[in-house]
Amino acid sequence: MTAAPQPLQGRRLVAASIAVPAAAFMVVLDTSIANVSVPSIAGDLGVSPANGTWVITSYAVADAIVVPLTGWLALRLGTIRLFMGALIGFVLMSLACGLSSSLEMLVGFRILQGIAGAPLLALTQALLYTMYPRERIMVGQAIFAMTALSAPLLGPILGGWISERWAWEWIFLINIPVGLAAAAVGWRVLRDQETERRKVPVDIVGLILLVIAVGCLQLMLDMGRELDWFGSPLIVALALASVVGFAFLIAWELTDRNPVVDLRLFRNRNFSVAVTMLSLTYGVFFGGIVLIPLWLQQFHGYTPFAAGWATAPSGLLVVLLAPVAARYATTVDTRYFLTVALLILIVTFAMRMTWTPDVDMATVMWSQLVQGAGSAFFFLPLSQISLGGLRPDQIAMGAGLQNFVRTASGALAASLSLTVWDHQTIRHHADLSATLSDTDAVTRGWLQQAQQLGLDGARSLGLLEAQLSQQAALNGLLDFFALCIPAFVLLLGVTWWLRPLRAAPALAGTAAEAHA
């Protein structure tokens, strides 16, 4: 039997606290860093931008399928072996992506990169939860929160900067030195922390159902907007396959003795309520990450790099405030933290409801800064209360399920938010156009003013149409913000269904068991 590892101390703890989150940071970063580089990749490889989006889709599908398997894989292979193997595999596939010379090669290696990197985020959360002494557990979770929430915001900034100044290949190649350094340091400080392996039978039926359900769901979300959603037979077929797959998966996993995904964790009230809150809040959070930079680029002329900077303050404040949240999260009723955080997020979206077509970068950055405060005091306490009630041997499985929900809700929010924005923008454009006519006093006055500035009739009408489109796009964005506020209000009530954790979560058993 493997000896029970003890929490790390001193320099080993500091080194592990850098190396382990670095691995997770790369994985989360790669979910968003390629988004702004799709035009460059498509142009260089000689394909359309629509086909270029498969660079994003392929990674997301592979990642979504493998994430729920993290707990089971950790039992079979051991936590440290799985972590190191996934990290090395991610580095190798990043090199292969950077050396790809065709879209087919790149998509194939992105699938393998997603498979390799999928366990790293959940394993990072589990390791940071258990390698710290009991009285300092929330320090590790603060590090995890900073990693998980800042990486999606930094991705567009870094991706835009690399695309503008270097070449798209470097969005993958930069993973190599970071990954190799993390692997070298991680193996040095964690190799004696290995957990006991168990020969858990392979749940072949559950694995097949998982691939069908999650794969079809992710493909439906990624392709739905391009194919007009349920107007496409392919999207309908994917939706049906996903629904049927999930129905059979739930039935099978709840009755199987060795499920590949232990859905019985949802019998724990805190875990189920917290995961529900996570899915809704992260969906809103990620929807804003997608929409705001896109809106700034399309209608305000921002470069990808500038749009990334405009949204960056949210991640900055998470980094600054997460240690504060960690310090008090074990002494204050977590539900108070969550309530305050939700109130801050409501204020954030209320601030955004005041935006006008000439909103400046400072106003956007200020709202992002306030959102960062809410995020810091929401996601960290929520992670604590969701995992704090699980048995040590359930931690990795719980972290895997939690991160699967985060990944799925982010993908769903990205697709739905873009669809809502497109639909509402078209509707607002039609409504605004209906109010204008040649006999309308406002229209005549505006055209006369434009002509006095030296613009002919056609150019005046073109400028009017541009302003009309800008206002319609803003109105569509405000509609999305308006939908988010009731969601946060609803969660204020849901928060108080949680059972409070007034002390540091107890680890019943050894740190080694918690890894598994």
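The accessible area of Met223, taken with all protein chains in place and a 1.4 Å probe, comes to roughly 40 Å². Sorting Cys216, Cys97 on solvent-accessible area from highest to lowest, probe radius 1.4 Å, gives Cys216, Cys97. Pull out a ≥ b ≥ c, the square roots of the eigenvalues of the alpha-carbon gyration tensor of region 92-196, then state rounded if a/c is under 1.5, prolate if not and a/b is larger than b/c, and oblate in the remaining case. Judged from the Cα gyration tensor, region 92-196 comes out prolate (a/c at least 1.5, a/b above b/c). Computed extension length for Asp479-Arg391: 27.4 nm, one decimal, from 0.36 nm per residue of separation with the Cα-Cα distance subtracted. Computed over protein heavy atoms with a 1.4 Å probe, the accessible surface of the chain works out to 41 Å² per residue. What translational diffusion coefficient, to the nearest whole µm²/s, does region 209-342 have by Stokes-Einstein, given a Kirkwood radius computed over alpha-carbon pairs, a temperature of 4 °C and 1.567 mPa s viscosity? For these conditions, the coefficient is 69 µm²/s. Between region 69-114 and region 16-34, the alpha-carbon centres lie 13 Å apart. Within the assembled protein chains, the solvent-accessible surface assigned to Phe172 is about 0 Å², based on a 1.4 Å probe. For the Cα trace of region 346-404, dividing Rg by the Kirkwood Rh returns an Rg/Rh value of 1.24. A helix-only calculation puts the chain at -26000 deg cm²/dmol for mean residue ellipticity at 222 nm, using -39500 (n - 2.57) for each DSSP H run of at least four residues, averaged over all residues.
The average projected area of the chain, computed from the convex hull of its Cα atoms over all directions, is 25.1 nm².
What is region 147-294 by shape, rounded, prolate or oblate, if you read a ≥ b ≥ c off the alpha carbon gyration tensor as root eigenvalues and call it rounded for a/c under 1.5, prolate for a/b larger than b/c, and oblate otherwise? Because a/c hits 1.5 or more and a/b fails to exceed b/c, region 147-294 counts as oblate.
With the whole protein complex present, Trp187 retains an accessible surface near 120 Å², based on a 1.4 Å probe.
Of the trypsin sites (Lys or Arg not before Pro) found in region 257-331, those that fall in a DSSP loop while having at most 14 other beta-carbon atoms within 10 Å are Arg257. Place a +1 charge on the Cβ of each Lys and Arg in the chain and a -1 charge on the Cβ of each Asp and Glu, then give the dipole magnitude about the Cα centre in debye, rounded to the nearest 20. Charge dipole, the chain, about its Cα centre: 2000 debye, nearest 20. Ranking Asp228, Asp393 by solvent-accessible area of protein heavy atoms (1.4 Å probe, all protein chains present), from largest to smallest, gives Asp228, Asp393. Across Thr276, Thr311, the residue with the most accessible area heads the list, and the full order at a 1.4 Å probe is Thr276, Thr311.
Heavy-atom surface analysis with a 1.4 Å probe gives the chain a carbon and sulfur content of 67 percent of its accessible area.
The values are calculated or read from the model by the stated rules, or taken from the named source; none is laboratory data. All figures in this text were calculated on a predicted structure; none of them were measured in a lab. Cβ: placed from backbone, ideal geometry, glycine included. Neighbour counts: every protein chain shown. What goes into the accessible areas is simple: the full protein's heavy atoms, side chains included, and nothing from ligands, DNA or RNA. Shrake-Rupley method; radii C 1.70, N 1.55, O 1.52, S 1.80 Å.
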